[in-house]
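The values are calculated or read from the model by the stated rules, or taken from the named source; none is laboratory data. Just so you know, these numbers come straight off a predicted model, no measurement behind them. We place every Cβ from the backbone using ideal geometry, glycine too, and count neighbours over all the protein chains shown. Surface areas here come from the heavy atoms of the whole protein model, side chains and all, with no ligands, DNA or RNA. Shrake-Rupley method; radii C 1.70, N 1.55, O 1.52, S 1.80 Å.
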Amino acid sequence: MPNTDSLEALLHEELKDIYDAEKQLTKALPKLAKKATSPELKQAMVDHLRQTEQHIDRIEQVFEQLQLPARGKKCVGMQNLIKEGEEMISEAEEDATRDAVMIASAQKVEHYEIAAYGTARTWATVLGHDEVASLLEETLEEEKETDMKLTGIAESYVNQAAADEEDEEEMSGRGRQGQARAVRGAAPRRQQAADRGRKTTRSKSR
Ligand SMILES: [Fe+2]
Ligand SMILES: [Fe+2]
């Protein structure tokens with residue numbers, strides 16, 4: 001177990017890392033929103049950009065509470081997550097496939113943030129910085145909500161649409177009999193995905 005001084009230093013380093021990560025995201029999210037095809041996904045990206053700006057404000061409040069300058073340090077983890085996401089998105093040829101890849105990349109980013117905020121919140125709690133811990137907790141909950149919202153969008157239709165695109169490609173190489181089979185198969189699956197989407201929305205509203 002690190003001593004209190006070194007844990008305090010770790011917390012400061014983690015905050016600098018998160019601060020830079022959030023700033024990188026404010027640049028990446030508008031580009032993603034532009035490339036999203038599904039209106040729901042586009043809106044989710046725009047909404048999360050607004051939230052990310054609030055996350056930056058909150059970390060600045062945290063720095064103030066700890067009497068530290070609001071300064072970031074290049075977050076290489078986020079830099080690479082964004083880079084990998086951008087590469088995968090630019091390689092996607094179909095709209096629905098691009099949306100599916102975008103959701104996957106955005107969820108990896110959210111999980112990174114969830115880990116970072118969870119860690120920083122726990123360290124702040126252990127060090128007795130209760131107000132700092134509750135500010136970090138607020139952002140942590142918003143990152144978790146965004147992650148769940150993205151799962152909901154993926155389940156409702158984006159991944160299904162990407163699978164349909166694959167079916168269409170297969171059909172064009174399979175001739176008429178294959179086409180009929182693929183179309184018969186696609187419709188019930190689309191219905192199942194829609195049902196799952198509705199279930200997700202229902203369970204969240206409880
Ligand atoms: Fe954030
Ligand atoms: Fe986020």
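PRE reach from VAL46 (point 7 Å along Cα→Cβ): which of the stretch 9-26 fall under 12 Å by backbone N?
None, by backbone N distance to the label point.
Identify the residues of the stretch 49-89 with backbone N under 12 Å of a label point that sits 7 angstrom from the Cα of LYS31 along the Cα-to-Cβ direction, or state none.
79-89
Could you give the nm distance between label points at ALA104 and ASP5, where each point is 7 Å from its Cα heading toward the beta carbon?
For the pair ALA104/ASP5, the computed spacing is 4.7 nm.
Residue-wise, which Karplus ³J(HN,Hα) couplings in Hz belong to the stretch 132-145, taking 6.51 cos²θ - 1.76 cosθ + 1.60, θ = phi - 60°, and x for glycine or proline?
Here the 3J(HN,Hα) series is 4, 4, 6, 5, 5, 4, 4, 5, 3, 5, 5, 5, 5, 4 Hz.
Please list, short to long, the whole-number percent of alpha-carbon pairs of the stretch 4-85 in consecutive 5 angstrom bins beginning at zero.
Result returned by the calculation: 3, 14, 21, 20, 17, 11, 7, 4, 2, 0.
Using modelled backbone amide H atoms (1.01 Å from N, in-plane), which distant-in-sequence or interchain residues come within less than 5 Å of CYS75's amide H?
HN-HN under 5 Å from CYS75: ALA21.
Keeping every protein chain present and rolling a 1.4 Å probe, give me the accessible area per residue for the stretch 3-156 in Å².
Here the residues of the stretch 3-156 average 50 Å² of exposed surface.
Explain nothing, just compute: Karplus ³J(HN,Hα) = 6.51 cos²θ - 1.76 cosθ + 1.60, θ = phi - 60°, for every residue of the stretch 77-87 in order, whole Hz, x for Gly and Pro.
Whole-Hz 3J(HN,Hα) from phi for the stretch 77-87: x, 5, 4, 6, 4, 5, 4, 4, x, 4, 5.
Just grab the label-to-label distance for THR119 and GLU64, each label 7 Å out from Cα along the Cβ direction, in nm (one decimal).
Simple spin-label model gives 2.7 nm for this pair.
Run the simple label-point estimate for LYS73 and HIS111 please: 7 Å along Cα→C-beta, distance reported in nm.
Label-label distance for LYS73 and HIS111, simple model: 2.6 nm.
Projecting each Cα onto the charge dipole of the stretch 78-130 (Lys/Arg +1, Asp/Glu -1 at the beta carbon, about the Cα centre), which of ASN80, TRP123, TYR112 comes out farthest on the positive side?
Of the options given, the answer is TRP123.
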